1. May I ask you to list the trypsin sites (Lys or Arg not before Pro) in segment 7-103 that are in a DSSP loop and have at most 10 other Cβ atoms within 10 Å of their Cβ?
2. Whole-Hz ³J(HN,Hα) for each residue in segment 9-26, computed from phi via Karplus 6.51 cos²θ - 1.76 cosθ + 1.60 with θ = phi - 60°, x for glycine and proline: what do you get?
3. Could you tell me which of the pairs Lys22/Lys103; Lys22/Lys48; Lys48/Lys84; Lys36/Lys84; Lys84/Lys155 are separated by over 21 angstrom between their Cα atoms in the structure shown?
4. If amide H atoms are built 1.01 Å from N in the plane of the peptide, which residues on other chains or at least 5 residues away come under 5 Å of the amide H of Ile148?
5. Whose amide H sits under 5 Å from the amide H of Asn130, counting only residues 5 or more places off or on another chain, with H placed in the peptide plane?
Amino acid sequence: MDEDQYRSAYREMNPTRCYFEKLLLLRYGQCEQSEKLFLAEREAFSCKNAVAQQRCYRLLENLRSSSRFALQITQADSPLPHAKEIKVQVGGLFGLQQLLADKNLTETNILNDDDAKFGEQARQQAPIENIFATINETIAQFQTLADIPYNEVVKSIINFKLPERKRRSKRKRSDQQ
């Protein structure tokens, strides 16, 4: 199956895709409204609730827009490059959780630890317990998505550590040829 066929089949099979799918695929959170799907040996997530899906979409758009300057991008009206999208999704929701817990978004173990990588340590210390519940709690506290102090949440997005890519050394690649 080539990529175009996959995308077409994906859209057909998953018309209510989860907008926080990257976060879910990386196993950094869960959502009571998500449902796992399998297509061509790949995982995907759909949303079981149309209202929740639209709420997540609006939140994600607000997070992208608010973090434009911090991520050094000029436009945020579409999905970002993979690494930046992960920072927005995971860092943004982690920031909301920290905000709800009334914690300083720049003084957490996972965010200030230079050695912390986006791996097992982050999973243990910074899981997103339930995307849907976190968004609902945030709306309950701030009344609307527009009233969330995004300038505070952006601190979490900026400071969230992404994994370093494991690169094969040139020597190993040349040995294989």
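A short reminder: the numbers here are calculations on the coordinates, not readings from a lab. The model shown is predicted, which means the values in this text are computed figures rather than measured ones. Please note: Cβ atoms are built from the backbone with ideal geometry, for glycine as well, and neighbour counts cover all protein chains shown.
1. Sites meeting the loop and neighbour criteria: Arg27.
2. After applying 6.51 cos²θ - 1.76 cosθ + 1.60, I find 5, 4, 4, 5, 7, 10, x, 10, 4, 7, 6, 9, 4, 4, 4, 5, 5, 7 Hz.
3. Lys22/Lys103; Lys48/Lys84; Lys36/Lys84
4. Long-range HN contacts for Ile148: none found.
5. Result for Asn130 returns Gln30.
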